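Just so it is clear, none of the values below were taken in a lab; they were calculated from the coordinates. No experiment lies behind these values; they were computed from the predicted model shown. Don't worry about glycine lacking a Cβ; one is built from the backbone with ideal geometry, like all the others, and counts go over all protein chains shown.
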Amino acid sequence: MSMKIKGAVLIARKSFVESHFGREAWGKVVQSLPAEDQKFLGGLLLAAGWYAFEYGERLDKAIVQVLGNGDPTVFEAIGAQSAKDNLTKLHHNFLSPGDPQSFLSKAGVIYSFYYNTGRREYEPTGPNSGTITTYDADTFSEADCYTIIGWHKEALKMCGAADVSILHDVCRAKAGPYCRYILRWQI
């Protein structure tokens with residue numbers, strides 16, 4: 001089975017591009033994609049629908065090239081916007097106001113809402129720190145990793161954390177065996 005992502009991931013990218021760069025920027029990104037992708041993205045995307053990861057991967061590369069001038073860190077902002085959009089509406093029950101550790105303990109469940117293969121585990125390493133590790137995802141990309149960083153930074157802030165830092169020290173997109181994120185924050 002090929003890896004799939006939720007439509008909410010693709011919708012969040014469109015929303016971010018349109019709100020930060022304008023509707024015409026979204027059009028430029030879509031026009032830079034193959035015809036099949038243009039048709040797909042021009043259709044109805046359902047937030048709860050499952051779609052081929054490859055659509056998202058090609059979209060991410062187009063966003064990096066067209067809007068990020070080749071810099072994939074633009075996806076941290078996309079991840080933060082996705083957290084705001086999804087954790088204030090559709091997935092608000094995941095938040096644990098005042099308790100970032102409780103929120104992070106749900107990492108595996110949250111992962112399964114966005115991806116259909118692989119798993120994510122959380123291990124606390126102190127009262128204000130921990131490690132998230134993603135294993136066995138069928139596909140991966142550097143842009144997706146930056147999205148995860150931005151998403152978790154914003155989500156932790158929504159749980160009351162401050163001065164959040166995330167170090168992505170092992171990455172499958174850079175030949176690592178898994179993706180690991182080391183998180184630290186203040187309360």
Q | Whole-number percent relative contact order across the chain, with pairs defined as alpha carbons under 8 Å at least 6 apart | A | 22 percent
Q) Among Glu54, Glu36, what is the fewest-to-most ranking by other Cβ atoms within 10 Å? A) Glu36, Glu54
Q. With Cβ to Cβ distances under 10 Å as the rule, what net charge do the other residues near Leu33 carry (K, R +1; D, E -1)?
A. +1
Q: Kindly put His20, His92, His152 in sequence by how many other C-beta atoms sit within 10 Å of each C-beta, fewest to most.
A: His92, His20, His152
Q. For the chain, what is one quarter of the convex hull surface built on the Cα atoms, given in nm²?
A. 10.0 nm²
Q) What chymotrypsin sites (Phe, Trp or Tyr not before Pro) does region 118-187 have in DSSP loop regions with at most 12 other beta carbons within 10 Å? A) none
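Would you kindly work out the equivalent ellipsoid of region 4-72 from its C-alpha gyration tensor and give its semi-axes, the square roots of five times the eigenvalues, largest first in whole Å?
After diagonalising the Cα gyration tensor, the semi-axes are 18, 13, 12 Å.
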(Q) Mean-square fluctuation check for the chain, GNM, Cα pairs under 10 Å: which of Ala12, Ala52, Ala143 is largest? (A) Ala52
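From the Cα trace of region 76-186, what convex hull volume per residue do you get, rounded to a whole Å³?
86 Å³
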Q | Whichever lysines have a C-alpha closer than 21 Å to that of Lys89, once near sequence neighbours (fewer than 8 apart) are set aside | A | Lys6, Lys14, Lys106, Lys153, Lys157
**Q.** Dipole moment magnitude, nearest 20 debye, the chain about Cα centre, only Lys, Arg, Asp, Glu C-beta charged
**A.** 260 debye
